[in-house]
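K.L.:
To start, I am sharing the structure in question, which I have written as structure tokens.
The values are calculated or read from the model by the stated rules, or taken from the named source; none is laboratory data. Since this is a predicted model, take the numbers as computed values, not measurements. Glycine gets a Cβ as well: all are built from the backbone with ideal geometry, and neighbour counts include every protein chain shown. SASA here: full protein model, heavy atoms, side chains in, ligands and nucleic acids out. Shrake-Rupley method; radii C 1.70, N 1.55, O 1.52, S 1.80 Å.
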Amino acid sequence: MRAPRLWRRVAAMPAAEIRDRVATTVRREATRLTQRARPARWRHEDLAAALVPWTAEIGSAVTHLAAGRIDEAHHALSQHFATRRRRWPVTPAMRDLLARTIRDRFPDAAAGAGQRADAIADGRFDLLGYRDLRFRPDGGERDEIDWHRDPVHGRTAPRLFWSDVPYLDPACGDHKIIWELNRHQHFLALGRAWWLTGHRPARATFVRHLASWMEANPPLVGVNWACALELALRSLSWIWALESFVEPVGRGHAGGAAPVDAHPWTVMLLLGLDRQLQHVEQNLSTWFSPNTHLLGEALALYVAGRTLPELRRAAGWAALGRRVLIDEMARQIGADGGHVERSFHYHRYTLDFYLLALVIARLTGDDDRPFTEAARRLARFARAVADDRGRLARIGDDDGGQLLPICGRDSADASDSLALAAWLLGDASLTVGPVPEEAVWMSGGGAALAKATPTPAATPSAALADSGYTVCRSARGDHLVLDTGPHGYLNGGHAHADALSITLTVAGRPLLVDPGTACYTIDTARRDRFRSTRLHNTLTLDDRPQSEPAGPFQWATAATGSRLTWCTTASFDYVEGAHDGYAPLVHRRAVFARPGCWVVADRVLGAGKSPAGDDRAGEDKAGERGDDTRGAGEHGHREHLADLHWHLDPRWTVAPAADGWVRASDGAGDPVWIACLHGELEIIRGGNGDPDLGWIAPAYGVLARSTTLRTRHRGAAPFALVTVVVEAAERPVVEALTVRSNGTIDPGAAGLRLRTGEITDTVVFGSTTPARETRPDEPPARRCGSAGDFETDAAFLWCRARGDEPAMHVAVVDGSVVRTADGRSIVALAAPVAFRETVA
């Protein structure tokens, strides 16, 4: 069976892919045979051939290497790199000034940097969601490191030829943990401590770790050669270390004596860089993972090529990396600026990639226009979806990795990336507050960046057309994100089954959160659980996921989402979307958001066209998944079980209150009240009740106990479920309203009356059933429905009144008529309009 599938796959490949795969395979197998005859090891003479002797110091280094005088070659290379012109964000000549600037602006930075460097020197690492990890081999010293070991699961990857290492197999351990250490991004933390404090153990630890790694990882052997992206990211860390630790002969930190190095580390570092970047060049993820993997690999080639002209292959790397980065802009950056994988974490990665490319292009005199354009689009998207503190919701996969984590900032905090983008692009609207320390390092301490404290511009609500995200925000720090977009890019490797899911921050306090990623390959059940529909703030139907996984980075089926309606005003936002993941049934979700109040209407509609208008696609999905019904309701209609889940940030304490409300409090402001008008909210704490619910993964590899609210409803479609979320000092009063269309109860519509203090809001989500058939060139004809004190044909109606006064604020979406119960017209138009607002 496998052979026919393989041949079908090959037949579908473009000719360029076949040529590349054949060439890669031939080269790999030839290298394997060579290494069998000549065991892999580092050879200093290889560096002599790799260097271009265009300065006296490099020429001297080449001569010393050829004669086997490695220490002398190290001294010559140190002299060259310590005195050459700037080609990187930081360079030895700016150390004293930049360190003084950072100490002045961030008084706690030096102490924090020293403490972190001490922990690393002691062999303790904070990686991903883990703290104080030790990678020492069995029986080894405290500060020894086994670079192939996963200490969390007690497993070690085999030291095989790179393409033979089964790194996705849990028997090797969690490759993410192994690779995170081997990115050597802790070299940045050591360099920070060295610059800010003159902490000599930090520098000695870097040299020791580099020597240890080179000894344990000969060329092309082991798990740390198995993924080109990991070599690329490690190369960037090594370049940062080169600029951080190199010392001119006779001069040390702050003018003191130069430190005596235990190893000729510049020789080792350049030798390792040259070999690793060759491997990246020969194994680009053009066909295997043409996503952020390919971007990261191209970035390393471009950056190394522009930064290290001392290496003979540098010009070729720079040209190849630049071409790929520019070509992939059209493929991987959507029209709205969002990265196509629909993961905010990977979007931030992509933004950082292009920001670094832009920095290097400007420092080295390259044409920066393509990178400026890419960075601008990516940064504007990031600012649109981030909250007012610069934090990104953990939508899609978030494995905690970062490009250059200098200070240990949380991966969800993009304020440093936005600050750097604001400085590079001259766009103050991207900032979210004072400039973070990381941005000062990345800018090389640019005066405008280091001294200015910009005033963040107000960021409006937005509907991002290509990625499908809708962001509702208010001036008081409310922030809601609704996913109404496509499932993911290519095979959706980093997507979750989260169509129409919501994340919500209330006045700067995260309330409804995406539970996170947890893991990739080490635990298949946990991987699938954390990207399932029920672990997102959306609706599941008949215990089915909207999209079904087929491996850790594959999907068997994928829901297609779409945004149906969107409007934003100074008073409120309204958005409605749908997806076909339960075809032939359709899940539609409408969200009404005003400051401090959110109403969510979930409607399950009977058989019909999917949002994309493809009946056959829906029938195929239903056939694949099976028809999981729960018996028959009235008139023979099949009943369905609907579950609504709401996952809360762990900081909230939740308790039942009167009249069906749940009260949530975090002790930092007014409580938040949550109610479902069509069923009770069940409170599930991690470890109690459903074992899958009440947990989140705030970082990769770590679980935290939290609270999940669940509403269950059983009935025949169509039906509607309405959830209300209100921040208020006192418990609100809510009343469900029956919506009638032409005198008949409309099960697909919903209404409510909400009293908060003296204010009464009437909200009606109107009928989804047209009163008559319409031609394509005609506006839709809606049934005229009544709810409470109003009658309307609108898809959505909001009326606000104070006390017993008449409605003082009326808004309609896709409607033409609003009348009171006594027949008085409030809105009367000749035809339905997309939006109309009336304020008394």
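K.L.:
Could you calculate the FRET efficiency of residue 571 with residue 144 from 1/(1 + (r/R0)^6), where r is the beta carbon distance between them and R0 is 56 Å, rounded to 0.05?
P.N.:
0.35
K.L.:
What is region 313-451 by shape, rounded, prolate or oblate, if you read a ≥ b ≥ c off the alpha carbon gyration tensor as root eigenvalues and call it rounded for a/c under 1.5, prolate for a/b larger than b/c, and oblate otherwise?
P.N.:
Oblate is the answer for region 313-451, as a/c is 1.5 or above yet b/c matches or exceeds a/b.
K.L.:
Heavy atoms only, 1.4 Å probe, whole protein assembly: order 377, 234, 43 by accessible area, highest first.
P.N.:
377, 43, 234
K.L.:
If you don't mind, another one. Sorted by accessible area with a 1.4 angstrom probe, largest first, how do 387, 543 fall?
P.N.:
I get 543, 387, largest accessible area first.
K.L.:
Same structure again: Can you give me the long-range amide H partners of residue 557? Hydrogens built in the peptide plane at 1.01 Å from N, cutoff under 5 Å, separation of 5 or more residues or another chain.
P.N.:
Under 5 Å from the amide H of residue 557 lie the amide H atoms of 548, each far enough along the sequence or on another chain.
K.L.:
Roughly how tilted is helix 228-245, in degrees to the nearest 10 and between 0 and 90, from the longest Cα axis of the chain?
P.N.:
Helix 228-245 and the main axis of the chain meet at about 60 degrees.
K.L.:
Can you give the Rg to Rh ratio for region 688-731, taking only C-alpha atoms and Rh from Kirkwood?
P.N.:
1.11
K.L.:
Hey, what do the phi angles of region 497-502 turn into as Karplus ³J(HN,Hα) couplings, whole Hz, using 6.51/-1.76/1.60 and θ = phi - 60°, x for Gly and Pro?
P.N.:
Each residue of region 497-502 in turn: 7, 10, 4, 6, 6, 10 Hz.
K.L.:
How large is the accessible surface per residue of the chain, computed with a 1.4 Å probe and reported in Å² as a whole number?
P.N.:
Heavy-atom SASA per residue in the chain reads 38 Å².
K.L.:
May I pose another question? Where in the chain lies the longest segment free of chymotrypsin sites (Phe, Trp or Tyr not before Pro) that are both loop residues by DSSP (not H, G, I, E, B) and have at most 15 other Cβ atoms within 10 Å?
P.N.:
Result, exposed sites excluded: 289-840.
K.L.:
Identify the trypsin sites (Lys or Arg not before Pro) of region 282-339 meeting these criteria: DSSP loop state and at most 14 other C-beta atoms within 10 Å of the C-beta.
P.N.:
In loop regions of region 282-339 (DSSP not H, G, I, E or B), the sparsely surrounded trypsin sites (Lys or Arg not before Pro) are 312.
K.L.:
Shape call for region 1-160 from the C-alpha gyration tensor, a ≥ b ≥ c root eigenvalues: rounded (a/c under 1.5), prolate (a/b greater than b/c) or oblate?
P.N.:
oblate
K.L.:
Separate question: Rounded, prolate or oblate: which fits region 674-769 when a ≥ b ≥ c are the square roots of the eigenvalues of the alpha-carbon gyration tensor, with rounded for a/c under 1.5 and prolate only if a/b beats b/c?
P.N.:
Since a/c reaches 1.5 but b/c is at least a/b, the shape of region 674-769 is classed as oblate.
K.L.:
Relative contact order for the chain: what is it in percent, counting Cα pairs under 8 Å that are at least 6 residues apart?
P.N.:
In percent, rounded to a whole number, it is 7.
K.L.:
Mind putting a number on the dipole of the chain about its Cα centre? Charges go on the C-beta only, +1 for Lys and Arg and -1 for Asp and Glu, and I need it in Debye to the nearest 20.
P.N.:
So the dipole magnitude of the chain works out to roughly 1800 debye.
K.L.:
Run the numbers for residue 282 and residue 38: contour at 0.36 nm per residue of separation, minus the present Cα-Cα distance, in nm.
P.N.:
Once the chain is fully extended between residue 282 and residue 38, it gains 85.8 nm.
K.L.:
Whole-Hz ³J(HN,Hα) for each residue in region 738-753, computed from phi via Karplus 6.51 cos²θ - 1.76 cosθ + 1.60 with θ = phi - 60°, x for glycine and proline: what do you get?
P.N.:
The phi angles translate into 7, 9, 10, 10, 6, x, 10, 4, 9, x, x, 10, 7, x, 7, 10 Hz.
K.L.:
Roughly how tilted is helix 2-12, in degrees to the nearest 10 and between 0 and 90, from the longest Cα axis of the chain?
P.N.:
90
K.L.:
Show me, for region 543-560, the HN-Hα J-couplings you get by feeding each phi into the Karplus relation (A = 6.51, B = -1.76, C = 1.60, θ = phi - 60°), rounded to Hz, glycine and proline as x.
P.N.:
6, 9, x, 5, 10, 10, x, 9, x, x, 9, 9, 9, 7, 9, 9, 6, 10
K.L.:
Okay, moving on. Nearest 10 degrees, 0 to 90: what angle lies between the long axis of helix 265-282 and the longest principal axis of the chain (Cα atoms)?
P.N.:
Tilt of helix 265-282: around 50 degrees.
K.L.:
Given a Förster distance of 35 Å, report the FRET efficiency between residue 28 and residue 83 from their Cβ-Cβ distance, rounded to the nearest 0.05.
P.N.:
So the FRET efficiency works out to roughly 0.30.
K.L.:
Candidates [x] 54, 29, 24; [y] 46, 37, 28; [z] 49, 35, 25; which is the computed semi-axes √(5λ) of the Cα gyration tensor in Å?
P.N.:
The value matching this structure is [x].
K.L.:
Would you work out which of 300, 238, 319 lies farthest towards the positive end of the dipole of region 205-348? Charges go on Cβ: Lys and Arg +1, Asp and Glu -1.
P.N.:
Comparing the listed Cα positions along the dipole, 319 ranks first.
K.L.:
A further question on this structure: Need one value: the accessible area of residue 13 in square angstrom, 1.4 angstrom probe, rounded to the nearest 10.
P.N.:
Only protein atoms counted, so the area is about 40 Å².
K.L.:
Whenever you get a sec, compute what percent of the accessible area on the chain sits on carbon and sulfur atoms (1.4 Å probe).
P.N.:
51
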